[in-house]
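Student: Quick one: this structure, given as structure tokens, is what I'll be asking you about.
Taken together, the values in this text are just the output of simple stated rules run on the coordinates, not laboratory data. Nothing here was measured: the structure is a model prediction, and the numbers come from that model. Every residue, glycine as well, gets a Cβ built from its backbone with ideal geometry; the counts of neighbours run over all protein chains shown.
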Amino acid sequence: MKTFVKGLILGAVSFSIIACSSSTPKCSDGRTKELVINIAKQKLSNIGFGDVIDKLDFKVDNVRTIEYQKSIDRYSCQADLIIKNKENHQSKNFPITYTVQKTDNGKKFYVEVYGL
């Protein structure tokens, strides 16, 4: 678990995923939180921890909307990413920030996560 934790803490690196939506979901929307978790899993896989992902539970908690920019329909958010080991029930909290914004055509939304 210590190696896992060291591998995840990399600073303000950005990762993003795009999903379909008719409107920009808010910071605490289930679709947004699901994408944040998918980005975290993708990051773990990219740094060599893909084999432990199934042994972990992921949760986005304590979500806060920091800013809403109406002109570009973009939310800036902060939250805690909680990663819990299913076997020994140890957990680690990672403070993260993320943005949620619609694409120009309005058909999808874009989530970008910092702090993984």
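Student: In straight Cα distance, which lysines are under 26 Å from Lys108, not counting same-chain residues fewer than 8 positions off?
Tutor: Lys26, Lys33, Lys41, Lys43, Lys59, Lys70
Student: Net charge near Asp73, counting Lys/Arg +1 and Asp/Glu -1 over other residues with Cβ under 14 Å of its Cβ? Walk me through the intermediate numbers first.
Tutor: Details: positive: Lys26, Lys70, Arg74, Lys102, Lys107, Lys108; negative: Asp29, Glu67, Asp104.
My count for the surroundings of Asp73 gives +3.
Student: Label points 7 Å out from Cα along the Cβ direction at Gln69 and Asp51: separation in nm?
Tutor: With each label point 7 Å from Cα toward Cβ, the separation is 4.2 nm.
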